[in-house]
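Scroll down for the structure; my scribbles are underneath it.
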Amino acid sequence: MTDLNILFAGFGGQGVLFSGKVIAYAGMMEGKEISWLPSYGPEMRGGTANCSVCISDNKIGSPLVTNPDILVAMNLPSLDKFVNEVVPGGTIILDSTLIEKKVERDDVNVIYLPASKLAEDAGVKGAANMVIVGRLWRETKFCSEENLDKGLLKSIPPKKIDLLDKNRKMIKTGIES
Amino acid sequence: MGEKVLMKGNEAIAEAAIAAGCRHFFGYPITPQTEVAAYMSKRMPKIGGVYLQGESEVASINMVLGAAASGVRAMTSTSSPGISLMSEGISYIAGSDVPCLIVNVQRGGPGLGGIQPSQSDYNQATKASGHGDFHMIVFAPSTVQETVDLISDAFDLGDKYRVPTMVLSDGMLGQMMEPVVLPEPKDPNNDCKEWAACGHKDKRKHNVINSLNTDPPTLERLNFERFERYAKIIENEQRAEEYLCDDADIIIVAFGASSRVSRSAIDKARKEGIKVGMVRPITLWPFPEKFIKKYADSAKRFLTVEMNMGQMVNDVKLAIECKKPVSFYGRTGGMIPTTKEVYEQIVKLNGGEQ
Amino acid sequence: MKVMGEKPKALTDAPFHYCPGCTHGIVHRLVAEVIDELGIEGKTVGVASVGCSVYSYNYFACDMVQAPHGRAPAVATGVKRARPDNVVFTYQGDGDLAAIGAGETVHAAARGENIVAIFINNAIYGMTGGQMAPTTLPGQVTQTTPYGRDVKVAGNPIRVCEMLSSLDGVALAQRVTVDCVKNVKAAKKAIKKAFEYQLAGKGYCIIEVVSTCPTNWGMAPTDALQWLRDNMLPYYPLGVYKDIGEAKE
């Protein structure tokens with residue numbers, strides 16, 4: 001792997017920015033060059049939110065991902081908006097609990113992951129983002145599993161450290177999904 | 001050197017300023033720079049520093065003037081419309097020969113404009129940050145790490161030349177996170193400087209921090225003296241990064257966020273065998289003409305890539321004395337050019353189009 | 001030979017540029033006497049404003065900073081926050097303090113900045129040659145109210161001490177004048193109290209000095225003093241509008 005450009009997209013409140021942060025930190029722990037760029041402004045407060053994460057062996061140029069290698073779509077508007085921007089041969093991970101639509105492209109790898117349902121079944125409602133992080137890692141292996149865990153640890157603010165185990169569990173669920 | 005941490009550009013600005021010994025921050029909330037102020041409000045009370053939210057940008061820059069006039073490291077940060085409000089104070093600060101740091105995390109304009117990233121304050125920062133004959137040293141970082149490094153340099157050069165300095169960031173650099181290593185923190189040196197207004201302690205004549213002089217010959221002399229200092233700055237402080245310029249037919253000139261996009265486009269074009277390189281200004285004032293001029297003969301053409309309507313084009317033309325054509329590609333209003341767009345410009349120019 | 005009187009040490013040797021009969025000179029002297037009596041010249045930083053008193057930085061012997069028009073309270077805030085052990089005062093006219101700098105004044109007062117504001121209210125712009133001030137009286141003729149100030153058009157004057165006295169950050173708001181020996185003495189007492197309050201860390205103190213501008217009022221100095229008594233003082237009554245006394249440290 002030399003370059004991995006990921007776009008996370010969904011509603012504000014789904015943990016889109018946080019997922020990106022975990023991945024970015026994990027990449028950093030692996031010794032890669034990384035960047036994390038959020039959308040900001042009014043869309044952060046309830047509208048659609050997205051963030052670009054670049055992981056590379058080389059210095060990162062534009063941190064804005066317009067043609068992702070991997071698109072994570074956590075709602076339908078995000079899928080519709082970005083589905084045709086994914087590079088041929090790229091991957092789309094979508095939360096099939098929230099998105100019923102099928103992707104019509106045949107030049108991309110689509111993973112229909114019922115992330116919200118998996119999280120809810122495990123009793124951690126609202127942690128679909130971490131299930132997706134787990135699956136994204138399994139698909140790409142951009143870092144060691146140990147560094148993924150370190151990335152999670154770094155991303156959780158000290159005040160919320162009690163949520164660590166739940167997040168770990170959900171990432172594991174994603175890996176095993 | 002400390003540990004590598006992932007930090008938002010805006011928070012890195014604040015932490016870097018603290019590491020540089022700054023303990024006096026005055027500001028007013030405005031998107032997309034607000035994290036700088038929020039971070040300062042959290043940190044300053046814990047390290048014996050001053051964070052004060054002014055009632056406006058106008059008040060905030062004058063608080064900076066007061067604190068800096070008393071000889072301490074002081075700063076403010078704002079976004080584009082805030083700089084317009086501060087321009088009065090910036091002019092007085094320059095006219096009073098008081099060093100301080102002003103950060104502009106640019107957003108789209110004019111007017112209230114938008115809140116998305118922009119570089120449309122280039123002319124304001126480099127040419128007219130207020131009324132009268134004056135300049136600021138203006139730094140344009142392109143990564144979060146470079147932002148950290150330049151904050152410290154901005155304070156040091158401000159003190160060295162007794163001029164206000166600016167770090168010109170933008171909404172993208174301010175909001176994004178990248179790994180950074182913070183420098184070893186310096187102790188704040190709040191000793192009274194010999195020129196500052198901090199009480200003469202009955203040991204010297206009074207110091208007056210002032211920009212008023214109603215005697216034209218004297219005011220002219222003071223301006224001449226200030227411009228002698230500026231000449232030294234132009235001679236000694238130009239900075240730029242050169243990227244794949246030696247054999248380049250096309251030289252892109254781009255700073256900050258747009259230089260990152262340009263770098264990606266250059267890498268892509270190089271793979272296609274197109275000889276393209278970049279001079280990335282790190283100081284916008286003084287403009288790094290020495291670095292650009294070097295390629296006036298070897299390159300066939302120049303291209304500026306900016307997030308504005310081409311504010312830097314004329315500076316490039318002057319630097320190369322109009323020896324080669326200078327094209328422009330830019331987006332504005334908060335739009336960020338994509339790698340693909342810049343690449344297409346390179347291909348077009350390589351084919352001989354203007 | 002016996003010395004009967006001396007210039008205060010806190011004034012430089014520079015001769016005042018003020019017009020004959022202008023009360024700026026008296027107020028400068030009072031501030032300087034207070035600085036001398038308190039022995040604080042070495043740690044005092046004054047902030048000069050824009051207006052006739054712009055050159056006060058040449059007259060006060062303490063360190064001085066010259067502020068943009070109206071911004072003296074913000075500049076003083078910066079100095080005081082950076083150097084809390086210094087004594088910081090502003091010296092502002094009515095245009096500077098109550099028009100262009102009204103925002104800075106109100107917020108410095110509301111924050112309870114531990115500074116002293118010496119406020120010269122002479123109901124007119126002196127430096128620019130006699131235009132309407134925020135404190136110009138109703139009906140008063142100035143260069144820009146040639147038919148007299150019509151409050152329906154130009155709005156009403158601002159009574160600064162009354163306005164600021166409602167703010168919690170204000171420790172002392174007092175209006176004085178310097179038209180006669182008795183009032184000069186009272187003015188000095190008020191100014192001294194303001195500086196003492198700052199030394200005790202009590203907060204924002206403003207001493208408003210109702211003053212004359214014989215030149216721009218178009219009167220002889222003694223007539224100007226009488227006009228002040230007849231017209232200014234009824235609209236701007238002397239007195240203490242707020243004094244937290246010993247209440248707050």
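Numbers below:
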{"read-out": "First in the stretch B:156-177 and more than 27 Å from A:Tyr40 (Cα to Cα), second anywhere and of a type in the set (Gly, Ala, Ser), Cβ under 8 Å, 6 or more apart", "value": "B:Asp156/B:Ala20; B:Val163/B:Ala94; B:Pro164/B:Ala94; B:Pro164/B:Gly158; B:Thr165/B:Ala154; B:Thr165/B:Gly158"}
{"read-out": "Subset tally (residues that are part of a helix (DSSP H, G or I), polar (S, T, N, Q) and more than 7 Å from chain B (Cβ to nearest Cβ)) for the stretch C:55-100", "value": "2"}
{"read-out": "Test for B:Ser96: is it closer than 17 Å to B:Leu157 by Cα and either within 14 Å of chain C (Cβ to nearest Cβ) or out of contact with any Pro (no Cβ under 9 Å at 6 or more places or on another chain) (or both)", "value": "yes"}
{"read-out": "Set B:Ser80, B:Ser70: member being within 13 Å of chain C (Cβ to nearest Cβ) and not hydrophobic (A, V, I, L, M, F, W, C)", "value": "B:Ser70"}
{"read-out": "Residues located in the stretch A:22-42, provided they are more than 14 Å from B:Leu173 (Cα to Cα), more than 7 Å from every other protein chain (Cβ to nearest Cβ) and either in contact with a Ser or Thr (Cβ under 7 Å, 6 or more places away or on another chain) or surrounded by fewer than 24 Cβ atoms within 10 Å (Cβ to Cβ) (or both)", "value": "A:Val22, A:Met29, A:Glu30, A:Gly31, A:Lys32, A:Glu33, A:Pro42"}
{"read-out": "Residues of the stretch A:121-152 satisfying the condition of being over 20 Å from A:Asp69 (Cα atoms) and either at pLDDT 95 or above or in contact with a strand residue (DSSP E or B) (Cβ under 6 Å, 6 or more places away or on another chain) (or both)", "value": "A:Ala128, A:Glu145, A:Glu146, A:Asn147, A:Asp149, A:Lys150, A:Gly151, A:Leu152"}
{"read-out": "Hits in the stretch C:159-173 (condition: in a loop (DSSP other than H, G, I, E, B) and touching a residue at least 60 places away in the same chain (Cβ under 8 Å))", "value": "C:Arg159, C:Ser165, C:Leu167, C:Gly169"}
{"read-out": "Only one of B:Gly352, B:Gly310, B:Gly333 that is within 14 Å of another protein chain (Cβ to nearest Cβ) and more than 22 Å from A:Cys54 (Cβ to Cβ)", "value": "B:Gly333"}
{"read-out": "Filtered residue count, the stretch C:175-221, keeping only those that are over 22 Å from C:Thr135 (Cβ atoms), assigned to a helix (DSSP H, G or I) and open to solvent by 10 Å² or more (accessible area, probe 1.4 Å)", "value": "10"}
{"read-out": "Pairs where the first residue, in the stretch B:201-227, is within 14 Å of chain C (Cβ to nearest Cβ) and open to solvent by 90 Å² or more (accessible area, probe 1.4 Å) and the second is at pLDDT 95 or above and in a loop (DSSP other than H, G, I, E, B), C-beta under 9 Å, 6+ apart", "value": "B:Lys205/C:Thr12; B:Lys205/C:Ala61"}
{"read-out": "Single match in A:Ser56, A:Ser39, A:Ser52 (criterion: out of contact with any Lys or Arg (no Cβ under 9 Å at 6 or more places or on another chain), at pLDDT 95 or above and of a type in the set (Gly, Ala, Ser))", "value": "A:Ser52"}
{"read-out": "Of residues in the stretch B:27-55 being aromatic (Phe, Trp, Tyr) and open to solvent by 50 Å² or more (accessible area, probe 1.4 Å), the one farthest from C:Arg71 (Cα to Cα)", "value": "B:Tyr51"}
{"read-out": "Test: residue in the stretch B:228-237 that is among the polar types (S, T, N, Q) and touching a residue at least 12 places away in the same chain (Cβ under 8 Å)", "value": "no"}
{"read-out": "Any chance B:Ile13 is of a type outside the set (Ser, Thr, Tyr), modelled with pLDDT of 95 or more, closer than 13 Å to B:Ile102 by Cβ and part of a helix (DSSP H, G or I)", "value": "yes"}
{"read-out": "Some residue of the stretch C:10-20 being open to solvent by 40 Å² or more (accessible area, probe 1.4 Å), in contact with a Pro (Cβ under 7 Å, 6 or more places away or on another chain) and in contact (Cβ under 8 Å) with a residue 40 or more places away in the chain", "value": "yes"}
{"read-out": "Which listed residue is assigned to a helix (DSSP H, G or I) and either more than 26 Å from the chain's Cα centre (by Cα) or more than 21 Å from B:Gln311 (Cβ to Cβ) (or both), from B:Ile234, B:Ile274, B:Ile266", "value": "B:Ile266"}
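The values are calculated or read from the model by the stated rules, or taken from the named source; none is laboratory data. These numbers were taken from a predicted model, which means no experiment stands behind them. Note that each Cβ is placed from the backbone with ideal geometry, even for glycine, and that neighbours are counted across all protein chains shown. Just the protein is used for accessible areas: all its heavy atoms, side chains included, with ligands, DNA and RNA removed. Shrake-Rupley method; radii C 1.70, N 1.55, O 1.52, S 1.80 Å.
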